[in-house]
C-alpha cells in the first residue's frame, strides 16, 4: 500500500516540474528571440522484490522472489525547441533578426567583471554615445574578428543580409553569426544567452540577417495553456490517489482489529 503512496507522490513532483517549465515559457512569450523549453519524464529502473523471513515457506532464511516492480516516475531532462519564431517589423536599422540557424556573438561581462563570448537570437541592438553596437543590457556585439563593432553615430547605416554594415557606402564592419554542429552542447545561461559546453563544435552559419525586424518568441500561448490544463488534471489525479490511500490507511490503523 505504501508503494502506491510513493508512486503518486513521484507523479505529483513530475507534474509540478512540467508546470514550472510551462509557466517559464509563458512568462517569456514576449521576450525577443526566446526559445521555449520542454520537460521529459523517465521511469525508475525496475527492481526485484522479495519476501524474507516467511515461516510459511518452511524457512526464514531463504528469500522468495515476488517479481519485478517499478516505483514510479522521475523527472527527465529538459530540452530546448530551437524552432524559428515569427518576425515583427520595426523599421529600426539596428533591430536584427536571423532567418535560419545561427546566433549573434556577444561579449558578455558578468558581475565579477569577467568577460566571455555568449550567443543569442535576440537582435534588439542599439548604438551607444561612443558608437558601439550593444544589446539592451549594454553588452557588445562582436564582428567576425571577435572585436567590438564601433560606428560613426553621425552617419546612417545600412546592414545587408550577410551582416556587413555600410556607412557612406563603405563597409565598416561585419556582424558575426555563429552556429554549432549539435545544439545539445549548448546550455541556457540566462538573460536570453546560450553558451557552448565541452564538446561543442562550431560550424558555418547559414542564417541571413534581416535589418528592421525582430524575431519573436516561438512560444504558442494556446498550446501551452492546453498543456497546463492537462498537467493540472494529472496532478489532481495523483493527489486523489494519495487521499484514497490515506483514508484506507486510517481505516486499517483505527478500525481493523478493534475489539468489539
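Values quoted throughout were computed directly from the atomic coordinates according to the rules given, and no laboratory measurement underlies them. All figures in this text were calculated on a predicted structure; none of them were measured in a lab. As a convention, Cβ positions derive from the backbone with ideal geometry for all residues, glycine included, and neighbour counts pool all protein chains shown.
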What is the calculated FRET efficiency for residue 168 to residue 89, with r their C-beta to C-beta distance and R₀ = 22 Å, to the nearest 0.05?
0.25
Helix 221-254: inclination vs the chain longest Cα principal axis, degrees, rounded to 10, gives 20 degrees
For the stretch 88-215, what is the relative contact order in percent, using Cα pairs closer than 8 Å and at least 6 residues apart in sequence?
35 percent
Added length on full extension, which subtracts the Cα-Cα distance from 0.36 nm per residue, residue 255 to residue 129
37.4 nm
Based on alpha-carbon positions alone, could you give the equivalent ellipsoid semi-axes of the stretch 88-215 from the gyration tensor, as √(5λ), descending, whole Å?
23, 17, 13
Based solely on its DSSP helices, what 222 nm [θ] is calculated for the chain when runs of n ≥ 4 H residues each add -39,500 (n - 2.57) and the sum is averaged over all residues, nearest 500 deg cm²/dmol?
-8500 deg cm²/dmol
Take the eigenvalues of the Cα gyration tensor for the chain, scale each by 5, and report the square roots as semi-axes in whole Å, largest first.
57, 20, 14
Once both axes come from the Cα atoms, what is the angle between helix 2-27 and the longest principal axis of the chain, in degrees from 0 to 90, rounded to 10?
20 degrees
Once normalised by the length of the chain, the mean sequence separation of its alpha carbon contacts under 8 Å that are 6 or more apart gives a contact order in percent of 25 percent
Which order do the peptides 85-92, 203-210 come out in when sorted by mean C-beta neighbours inside 10 angstrom, highest first?
203-210, 85-92
Quotient of Cα Rg and 2.2 N^0.38 Å for the stretch 107-174, N being how many residues it contains:
1.13
If we restrict to alpha carbons, what Rg and Dmax does the stretch 194-259 come to, in Å?
26.5, 84
So how do 32, 126 line up by other beta-carbon neighbours within 10 Å, fewest first?
126, 32
